[in-house]
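Take a look at the structure below.
The values are calculated or read from the model by the stated rules, or taken from the named source; none is laboratory data. For clarity, every value in this text was computed on a predicted model and none was experimentally measured. In this analysis, Cβ positions are derived from the backbone assuming ideal geometry, glycine residues included, and neighbour counts consider all displayed protein chains.
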Amino acid sequence: HAPSSTSTASSAKAPPCLLATMDPLQMKALSFGLKELKILLTKLECSGRQTFNISELQGQRIPLSKLSINHSASELIRACKGLNVKGKFKESYLPRTFSVKPNINSETPIPREKINPPTPSIYLESKRDAFSPVLLQFCTDPKNAVTVIRGLAGSLRLNLGLFSTKSLVEANSEHAVEVRTQVQQPADENWNLSGSAQTWPCESSRSHTTIAKYAQYQASSFQESLQEEKESDNEDEDENSQKTAGKVIKFGTNIDLSDPKRWKPQLQELLKLPAFMRVESNNNMLTLVGHTILGMNTVQLYMKVPGSRTPGHQENNNFCSVNMNIGPGDCEWFAVHEHYWEAINKFCEKHRVDYLTGSWWPVLEDLYNSNIPVYRFIQRPGDLVWINAGTVHWVQAVGWCNNIAWNVGPLTYQYQLALERFEWNEVKKVKSIVPMIHVSWNVARTIKITDEDTYKLVKHCLMQSIKHIQILRDQLVVAGKKITLQGRVKDEPAYYCNECDVEVFDLLFVTSENSSKKSYLVHCEDCARAKAPSLAGVVVLEQYRMEELMKIYDSFLLVSVTVRPSVC
């Protein structure tokens, strides 16, 4: 570093005799006018030649550990510049000491009669009930893991017939259906293949068919069942038959209803729902992703026969989900509050099944013996199930039915859980389907947040994002790596590393897959350096000017709500 130079040094060191004869007011004015411009010269090595980078530092630099969301973007940048960070700079996007999750005491044993708590069920009598703000507050309350809204379809006069098997065949008979082949068994049991003991792994193989072919299977399964009922009227049921390998069934899952041309009547019908339940709405984080995430910000359909199982899971990035039973049969649901997910993860580890990516069905006795309360309820045709952020759940069809489902991202404690899972996914090397850093910047750019807790969490994430970008940027410049600005275009998707699936925001490390085809691959810094430690052959693209991110950060403020006095 070169010594600081000052443009006002001669004035500051005026002889004592001169200052003594001056008017005190003039002295005060002179002292206020004194400013220093500190010039920092940083030596750089670039292509074997030494050069200097000049940066101006106005005022004192704040240590990184002291930075908070109360500091301006320029203060953040100043704190990051010129730091000699060796290796990758890594800090959490979540504040360490701040949590908006409910505090649930799991140390106190729960009496056996309360281990199956009643599921909150709301009975709607009118359209007005469905649009009441009280319903939104209840569903998104962190204490309520799951809410069943009974009779929603009736109160909103939804035409569920549009999603019946008959309507689906008439609309798009050749549409693709993913099929899971499973063994039918009672909803509260999960036997191993030999039928000797209950276990957690839940076996199912995958194949594909069409709506028309699955519809045929669904109908013939129903006819067979009617025939079997007639034949077994005079026979005793053999208890052990349920414990051995049972009947093989096929579950039609993940049917994509995203195409607005093919499924126009169906998607228009869902616009009758209250805003917070819709596939798209202003305060829904998934609407701000800017591109399609199948089954999350689009509708998916499920075609079922009795025993069809959706194994245990939390939704992608812990997002809330909406599920409506079209009928004609019922579904049975099991749900556990997000608070207990780590305990369930340990059971999965014990049974050697991957919690995030594997197929598992909890053994209820294991949960009860571990003091974990389980909600258990029946979803009838026309009922909507609201799965709150992070709730662990698993579902089995009781009868022949279709279901529709999608995710929503209200700006509640949902945001914290989404970021928590984003970071846990990175540790476990699982892709976060929702690009949370990209979404956080879009939230700051477009939504006025009135909830202080959510505001603090989003602002902290942006602060961490700026720190990560600036420190990495400086490291690349010092290393003599050229950074090329290539601004984002409308509807451009968020980027993920081609190797490890981590989200890559702003600074993209790009390599050419095949020079003749002109195809390019995006990498994170770690994976790019694993291939080329000096980043030779890697192009670094920058998607945002730092000034643009600074402006978004500084403009993102907590909005106060003015309550108007009611007029009597």
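Worth a mention:
- For ILE466, the conditions (1) buried (at least 16 other Cβ atoms within 10 Å of the Cβ); (2) part of a loop (DSSP other than H, G, I, E, B); (3) of a type in the set (Val, Ile, Thr) are fulfilled apart from (2).
- GLU513 fulfils the conditions (1) out of contact with any helix residue (DSSP H, G or I) (no Cβ under 9 Å at 6 or more places or on another chain); (2) under 15 Å from HIS438 (Cβ atoms); (3) charged (D, E, K, R) except for a single criterion, (2).
- The residues listed here are GLU548, GLU492; of these, the one that is modelled with pLDDT of 95 or more and in the same structural domain as GLU452 (by TED's automatic domain parsing) is GLU548.
- Identification of helices (runs of 4 or more DSSP H) wholly contained in the stretch 119-238 with 1 or more residues that are small (Gly, Ala, Ser) and in the same structural domain as PRO362 (by TED's automatic domain parsing) yields 127-130, 152-155, 165-172, 211-232.
- Answer residue from the stretch 122-140, given it is within 27 Å of ASP451 (Cα to Cα) and touching a residue at least 24 places away in the same chain (Cβ under 8 Å) and is nearest to the chain's Cα centre (by Cα) among those: THR140
- Unmet criterion (only one of (1) more than 14 Å from the chain's Cα centre (by Cα); (2) within 19 Å of MET296 (Cα to Cα); (3) aromatic (Phe, Trp, Tyr)) for PHE509: (2)
- Scanning the stretch 239-268 for residues that are modelled with pLDDT of 95 or more and assigned to a helix (DSSP H, G or I) returns LYS264, PRO265, GLN266, LEU267, GLN268.
Let's see how each residue does on (1) closer than 21 Å to GLY382 by Cα; (2) out of contact with any Ser or Thr (no Cβ under 9 Å at 6 or more places or on another chain):
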site: ASN159; (1), (2): yes, yes
site: SER167; (1), (2): yes, yes
site: ALA171; (1), (2): no, yes
site: GLU174; (1), (2): no, no
site: ARG180; (1), (2): no, no
site: ASP188; (1), (2): no, yes
site: ALA197; (1), (2): no, yes
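- Extreme residue, surrounded by the fewest Cβ atoms within 10 Å (Cβ to Cβ), among residues of the stretch 147-205 that are acidic (Asp, Glu) and closer than 28 Å to TRP386 by Cα: GLU189
- Boolean, GLU75 is in the same structural domain as ILE471 (by TED's automatic domain parsing) and in contact with a Gly (Cβ under 9 Å, 6 or more places away or on another chain): yes
- Out of ILE433, ILE404, ILE447, one residue alone is touching a residue at least 60 places away in the same chain (Cβ under 8 Å), assigned by TED's automatic domain parsing to the domain that holds VAL561, surrounded by fewer than 24 Cβ atoms within 10 Å (Cβ to Cβ) and closer than 26 Å to ALA130 by Cα. It is ILE447.
- Residue ID - surrounded by the fewest Cβ atoms within 10 Å (Cβ to Cβ), chosen from residues in the stretch 91-113 that are under 25 Å from SER440 (Cα atoms) and without any contact (Cβ under 8 Å) to a residue 12 or more places away in the chain: THR97
- Scoring GLY161 on the criteria (1) without any contact (Cβ under 8 Å) to a residue 12 or more places away in the chain; (2) farther than 21 Å from VAL398 by Cα leaves a single failure, condition (2).
- Filtered residues of the stretch 498-538 (kept if more than 25 Å from LYS86 (Cβ to Cβ) and part of a loop (DSSP other than H, G, I, E, B)): ASN498, ASP501, SER515, SER516, LYS517, LYS518
- Every pair of residues 6+ apart whose Cβ atoms lie under 7 Å, when the first sits in the stretch 169-191 and is within 30 Å of LEU367 (Cα to Cα) and at pLDDT 95 or above while the second is among the β-branched types (Val, Ile, Thr) and not in a strand (DSSP E or B): ASN190/THR199; ASN190/VAL363
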